[in-house]
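Data first, discussion second: the structure below is written as structure tokens.
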């Protein structure tokens with residue numbers, strides 16, 4: 001068992017442009033300064049067991065936490081220096097992100113995979129950025145609203161459906177002054193404070209997400225199973241998907257159960273010299289059944305090959321669609337006799353016959 005704990009904190013100066021001094025007609029110099037600083041914080045902690053990952057059957061055990069965060073600030077200042085005093089405008093831009101992921105992954109003998117991820121705190125700030133403006137007088141700053149007319153505010157969230165399924169809601173916010181119709185004033189981004197954010201909100205009482213995956217393979221069958229659950233939640237989110245393939249019988253069975261819908265799929269194939277067949281069905285909520293049947297009977301003699309196809313589609317609330325008939329070929333393909341009928345699409349069937 002290997003235990004890994006890493007704490008990384010880096011504070012860097014991202015940008016520092018040499019001060020620019022421009023003389024003015026009034027005789028007072030105008031200064032331009034741009035500074036940028038940033039802090040990156042990364043926490044990695046946990047334990048890993050990789051001793052059996054390289055041998056068959058493979059096993060793996062990882063239990064850990066990742067917490068990356070970063071903060072960046074870029075400040076631009078323009079001021080007039082009158083020796084005994086100075087005054088000007090300052091624009092401060094900030095960017096911040098703080099996320100976290102904690103969980104455990106276990107792989108047993110290459111067949112069973114257990115994953116559990118803890119839910120984030122009630123609110124996770126994935127991304128936020130903003131700009132503010134200040135009037136400076138000597139060393140005193142006073143925040144300014146700039147152009148406050150026609151300010152645009154937008155907020156978009158993922159909605160209740162995503163919150164029901166995952167217990168989380170993603171929201172994005174954007175706020176900025178719209179000065180596109182103003183005849184006077186500065187251009188963007190000097191029009192005023194701007195902000196934008198992307199936030200993840202927890203909407204249920206669950207503590208974690210649990211995922212279980214099972215895969216069993218042998219000469220007779222292949223079985224796969226996936227389940228998802230949120231223990232401790234007020235909303236039932238138990239989801240199960242299972243697929244079973246039987247090689248000797250040439251069958252496939254699939255089941256999916258959720259709190260909202262239930263479905264079952266079954267498929268059977270037959271591959272013989274005198275019969276080729278594929279049958280499939282889908283059952284929804286144990287009530288609505290959709291089915292498809294396709295088979296061809298093969299009757300082959302020395303001088304003749306006859307194919308008798310049957311195709312049928314069964315639908316809920318509609319008539320069954322069916323294709324029946326035969327195709328006869330005289331070998332070595334000197335002539336052909338065709339008689340096919342299509343029913344279920346209209347009141348009268350459609351027939352195709354050769355003369």
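Below is a table of values for the structure above.
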{"read-out": "The stretch 220-250, residues that are in contact (Cβ under 8 Å) with a residue 24 or more places away in the chain and under 20 Å from residue 118 (Cβ atoms)", "value": "230, 231, 232, 233, 234, 235, 237"}
{"read-out": "Which numbered condition residue 154 fails, given (1) closer than 30 Å to residue 86 by Cα; (2) exposed (fewer than 15 other Cβ atoms within 10 Å of the Cβ)", "value": "(1)"}
{"read-out": "Qualifying residue in the stretch 208-219 (condition: surrounded by 13 or more Cβ atoms within 10 Å (Cβ to Cβ), farther than 30 Å from residue 77 by Cα and without any contact (Cβ under 8 Å) to a residue 60 or more places away in the chain)", "value": "no"}
{"read-out": "Residue match in the stretch 231-248 (condition: over 28 Å from residue 101 (Cβ atoms) and in a loop (DSSP other than H, G, I, E, B))", "value": "yes"}
{"read-out": "Residue 224 farther than 21 Å from residue 288 by Cα and more than 22 Å from the chain's Cα centre (by Cα)", "value": "yes"}
{"read-out": "When residues of the stretch 1-35 are limited to those that are at pLDDT 85 or above and under 39 Å from the mean Cα position of the chain (by Cα), the one nearest to residue 81 (Cα to Cα)", "value": "34"}
{"read-out": "Condition check for residue 281: under 32 Å from the mean Cα position of the chain (by Cα), farther than 30 Å from residue 166 by Cβ and either modelled with pLDDT of 90 or more or loosely packed, with under 15 Cβ neighbours inside 10 Å (or both)", "value": "yes"}
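Matching residues to (1) at positive phi; (2) within 32 Å of the chain's Cα centre (by Cα):
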position	(1), (2)
263	no, yes
273	no, no
285	yes, yes
346	no, no
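The values are calculated or read from the model by the stated rules, or taken from the named source; none is laboratory data. The structure displayed is predicted, hence computed values, not measured ones. FYI the Cβ positions are ideal-geometry reconstructions off the backbone, even for glycines, and counts take in every protein chain you see.
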